[in-house]
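Read through the structure below, which is laid out as structure tokens, and then see the notes.
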């Protein structure tokens, strides 16, 4: 059976060339911890960790490598940022397209804080005036995803960043669906913090992510996890300097080795080139899908201001069963359901049924897209 991977919105596959080899090399030939041992292999590992912070700075146009913090994924990053920043009676603004990586931490704070959910339209597009009109006297931050993980619509965060700057608000960005696909520029976005994950558009392994923060927001952030750092080990208080402030415990060093390799690949290949290839492939996919009856394409119908994600509602069919049949009979791997974003599905009119999501990468081929379109027709016409 032919196999086609169409679930890059969940995690990238294949990974960047060399990722597996670099992780294997660390495990087989280095294997030691960082910030603990005074021996050569530990220093070698520390150099890779430091270099990876520098590479992340280059990728995001960020200036301070010690303010690059590693976590296990972007969900942990958003929890650290949200729970570390917000205090009782604070107000924040989010969009209706947010992932549960933002909404669950906010809701877990209960009545201590309040938030305004700015309603996007049926295409997932944000009205900037609605954002500005949602600001209150106690508004502390705007927290938003850069693009929807359900329909791929990109939110105009440069304009949101301008609003934050004008109103002296903190701006926290979830870049899960855009890092590695768009030029996510910390300076142009007027960001205070950007969360990232290594295993999606950055083409690295699962289990490694992080966030970058400027000093302005860092001075307001409390720690969520404390513990051993290999520094100031004679005291029982978490160090307040970076990156140790947020990096308690042993880092995922194999993951960092893999991320180091994948970011080098991205920088060498060019994010702009990846962007152009994916949009060309997406346009080919859209042209085939828009000719099919009995389905609804969710969100925007053009490649303007969107990522390589395409969501379909199969009108008279169970979307979960369609995804299962595509996998079982044709080897096409997708994701159906709510995609951890119920608010986005309510906005798009697909709650509670959900959609079948197809997510390409620049490794996807036109032949795979044609095969997928043909198999969709076979499922609908059987």
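For residue 68, the test of being surrounded by 13 or more Cβ atoms within 10 Å (Cβ to Cβ), more than 25 Å from residue 101 (Cα to Cα), in contact with a strand residue (DSSP E or B) (Cβ under 8 Å, 6 or more places away or on another chain) and touching a residue at least 40 places away in the same chain (Cβ under 8 Å) is failed. Here residue 276 qualifies as within 17 Å of residue 178 (Cβ to Cβ), without any contact (Cβ under 8 Å) to a residue 60 or more places away in the chain and in a helix (DSSP H, G or I). If I filter the range 200-220 down to residues being more than 20 Å from residue 83 (Cβ to Cβ) and touching a helix residue (DSSP H, G or I) at 6+ places or on another chain (Cβ under 6 Å), which single residue comes out as surrounded by the most Cβ atoms within 10 Å (Cβ to Cβ)? Once the filter is applied, the top-ranked residue is 204. Against the conditions (1) under 24 Å from residue 225 (Cα atoms); (2) modelled with pLDDT under 95, residue 99 satisfies every one except (2).
Which of the residues belonging to the range 238-289 are more than 20 Å from the chain's Cα centre (by Cα) and at positive phi? Of everything in the range 238-289, just one residue is more than 20 Å from the chain's Cα centre (by Cα) and at positive phi, namely 249.
For residue 293, the requirement of being farther than 23 Å from residue 335 by Cβ, modelled with pLDDT under 95 and not assigned by TED's automatic domain parsing to the domain that holds residue 85 is met. Scanning the range 84-99 for residues that are over 14 Å from residue 195 (Cα atoms), out of contact with any helix residue (DSSP H, G or I) (no Cβ under 6 Å at 6 or more places or on another chain) and surrounded by fewer than 21 Cβ atoms within 10 Å (Cβ to Cβ) returns 87, 89, 90, 91.
Here 223, 250, 229, 197 are screened, and the one residue that is over 18 Å from residue 81 (Cα atoms), touching a helix residue (DSSP H, G or I) at 6+ places or on another chain (Cβ under 7 Å) and in contact (Cβ under 8 Å) with a residue 40 or more places away in the chain is 229. Within the range 41-60, can one find any residue that is within 23 Å of residue 120 (Cβ to Cβ), crowded, with 22+ Cβ neighbours inside 10 Å and assigned by TED's automatic domain parsing to the domain that holds residue 136? Scanning the range 41-60, I find no residue that is within 23 Å of residue 120 (Cβ to Cβ), crowded, with 22+ Cβ neighbours inside 10 Å and assigned by TED's automatic domain parsing to the domain that holds residue 136, so the answer is no.
The values are calculated or read from the model by the stated rules, or taken from the named source; none is laboratory data. Values in this document were obtained by computation on a predicted structure and should not be read as measured data. Virtual Cβ from ideal backbone geometry, glycine too; neighbours counted across all protein chains shown.
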